Amino acid sequence: MRATRTLLSVLFAGVCVLAQTSVDTYVATESPIAKAGMLANIGPSGSKSEGAKAGVVIASPSTTNPDYLFTWTRDSSLVFKAIIDQFTSGADTTLLGQIQNFVTAESILQQVSNPSGTVSSGGLGEPHFNVDETAFTAAWGRPQRDGPALRATAMIEYANWLLKNTSVSNVVNTLWPIIKLDLDYVAADWNQTTVNLWEEVSSSSFFTTAVQHRSLREGAALATTLGQTSVVSNYNTQAANILCFLQSYWNPTGGYITANTGGGRSGKDANTALASIHTFDPAAGCDAITFQPCSDKALSSLKVYVDSFRSIYTVNSGIASNAAVATGRYPEDSYMGGNPWYLTTAAVAEQLYDALIVWNAQGSLNVTSISLAFFQQFSSSVAIGTYASSTSTFATLTAAVKTFADGVLAIHAKYTPSNGGLAEQYSRSNGAPLSAVDLTWSYAAALTMFEARAGTTSPGWGAAGLTVPATCQTSGGGGGGGGTAGTVAVTFNVVATTVIGEDIYITGNTDSLQNWSPDSALILSPANYPTWSITVNVPASSDIQYKYIRKFNGQLTSWESDPNNEFESPSGGTFIRNDQWR
Ligand code: NOJ
Ligand code: NOJ
């Protein structure tokens, strides 16, 4: 018996070492590929940057299905945050020219008038631009208010490095004016309705609120250092208000952070794990008010989010209920087939590697009533309490979390093709890469996951020791379509040739248009075939966006191509839209 057990444990240890070795091998081979893949998508000389101006980051070189040959402020800022991390840490000192190009490109883009407005009237919230630095003028989910905050965070990290190497006045004259535009926008408009990071739901959104909070805190600190005292108290006041509002996303019954205040979805969403990793401050411990990666709320939320994909993806079938699985944006997703994404899978592992960094640094780990279910996945007998690093419970739990995170990384590895290219998605049924190829953000997300696994952290932003004010001054943006009172009856007519068994449906950005859900999309009548029609009440005086979709025997078969159809609804009465299927 004893011999058998020893043999088994030797075998088990052997399997663990094997798994660990293959993950190590993947990290070693994929790291340079991911870095090269990222740099290839940056103009003017990236090998796949397809005519992008200097410092412009393309989302992907894909030009059809989907067309991602644009530059998104969110993607670009997250990518350059990863690049600036590598530069300022000394890991790669050759990146300075790229960073300077980025600063110049973004300073140009800030000034480009676009459908969201001008630089001083809301234009900073424009989600994406053409790669030649002109405005994208077709319909799109706008504004997206995370962009300016993420851009400020990337530039503040660079500004803090510059301060150690050049003069204050140099930073005041070069970077500060760009950073200040973004921070002023965040401070003024954070409580306005925003389209979320997945460009679908118009409401308030946790990721957006969390990154806005971070940007104002570190912005206030930088302004103080630079002697720009006039903005400091406003940034701090608004940051406190945002922190207050941030608390309201927590769903105590469900044990998770609800991603959006509108949209009619479960709210289980990679949005929240991404917020934790992009607002990680190693000095803040496991603070729950800023939803740090190892906080009880962020861990509980992570479990609920991960579990929501266990039964919906074929690639996850047969995997034990406490083992690593593939994850996507949110379980209801149907965009491009609604598959797992590389960058959301990476975010799960990164959040856990971040948590391990903090537990090991502080030499203890805390299990609360909120995080109990998360930890019980790994040890069913674990109880609420604080476990010092000398205890076996600490050793068991941290080892299990590491194994889980490495398991997620192993899934990322398993579904990465042999050339190491990272697309946007991988198939929910067989893991094959899907949607946009060479997604710049996928590469950056892989790199930051690898760095977190190696224990590398980037500078904090002042999250330590914050408290939630007793009263909040302002509540967040409204839910739903953000419209004013009153509705208008709109008749949607679309000319579409169909085959028997096929029907045309509509879905869009308001509750009455089913918040972009293909499952509950509204069926049109073919009474005047080939014109299909439906009349829907939508909010008056509002930006309405929609697409027609096709279903065959009730099963979704295709969406209209981008961009969305869009119009401004009148203040009252009725209205007709005449479209051709596209
Ligand atoms: C394109 C956006 O990039 C994507 O996030 C969204 O799901 C679809 N448009 C919806 O049509
Ligand atoms: C669609 C994603 O939903 C969005 O977050 C991203 O910014 C764009 N694709 C570009 O990668």
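Read-outs throughout are calculated quantities, based only on the coordinates presented, and are distinct from any laboratory measurement. From a predicted model like this one, the values you see are computed outputs, not experimental measurements. With ideal geometry, Cβ positions are generated from the backbone for all residues, glycine too; neighbour counts draw on all protein chains shown.
Within the stretch 160-181, identify whether any single residue is of a type outside the set (Phe, Trp, Tyr), at negative phi, within 16 Å of ligand 1 (Cβ to nearest atom) and not in a helix (DSSP H, G or I), and answer yes or no.
Within the stretch 160-181, none of the residues are of a type outside the set (Phe, Trp, Tyr), at negative phi, within 16 Å of ligand 1 (Cβ to nearest atom) and not in a helix (DSSP H, G or I).
Of the residues in the stretch 60-77, how many are surrounded by 24 or more Cβ atoms within 10 Å (Cβ to Cβ) and away from ligand 1 (no atom under 15 Å from the Cβ)?
Qualifying residue count for the region: 1.
For the subset of the stretch 40-59 comprising residues that are of a type in the set (A, V, I, L, M, F, W, C) and surrounded by fewer than 20 Cβ atoms within 10 Å (Cβ to Cβ), which member is nearest to ILE108 (Cα to Cα)?
Applying the filter and picking the extreme gives ALA54.
Could you tell me whether ARG214 is surrounded by 20 or more Cβ atoms within 10 Å (Cβ to Cβ), basic (Lys, Arg) and away from ligand 2 (no atom under 16 Å from the Cβ)?
Yes.
Select, from ALA436, ALA405, ALA410, the only residue that is among the hydrophobic types (A, V, I, L, M, F, W, C) and within 16 Å of ligand 2 (Cβ to nearest atom).
ALA436
Show me the strands (runs of 3 or more DSSP E) found entirely inside the stretch 533-582 where at least 1 residues are within 12 Å of ligand 1 (Cβ to nearest atom) and hydrophobic (A, V, I, L, M, F, W, C).
So the answer is 543-552, 555-559.
This table checks each residue for (1) in contact with a Gly (Cβ under 9 Å, 6 or more places away or on another chain); (2) within 16 Å of ligand 2 (Cβ to nearest atom).
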residue	(1), (2)
GLU50	yes, yes
SER60	no, yes
LYS81	no, yes
ASP92	no, no
ASN101	yes, no
ALA105	yes, no
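Any idea which of (1) hydrophobic (A, V, I, L, M, F, W, C); (2) within 16 Å of ligand 2 (Cβ to nearest atom); (3) free of Cβ contacts under 8 Å to residues at least 24 places away in the same chain is the one ALA346 doesn't satisfy?
With (1) hydrophobic (A, V, I, L, M, F, W, C); (2) within 16 Å of ligand 2 (Cβ to nearest atom); (3) free of Cβ contacts under 8 Å to residues at least 24 places away in the same chain applied to ALA346, the lone miss is (3).
Identify all residues within the stretch 117-141 that are closer than 24 Å to GLY51 by Cβ, in a loop (DSSP other than H, G, I, E, B) and either under 23 Å from the mean Cα position of the chain (by Cα) or not charged (D, E, K, R) (or both); write none if there are none.
Hits for the stretch 117-141 are GLU126, PRO127, VAL131, THR134, PHE136, THR137, ALA138, ALA139, TRP140.
I'd like the full set of residues that are farther than 21 Å from TYR353 by Cβ and under 18 Å from the mean Cα position of the chain (by Cα), limited to the stretch 299-321.
The one that is farther than 21 Å from TYR353 by Cβ and under 18 Å from the mean Cα position of the chain (by Cα): SER308.
So PHE207 fits all but one of (1) within 16 Å of ligand 2 (Cβ to nearest atom); (2) on the phi > 0 side of the Ramachandran plot; (3) of a type outside the set (Val, Ile, Thr); what number is the exception?
Condition (2) is where PHE207 drops out.
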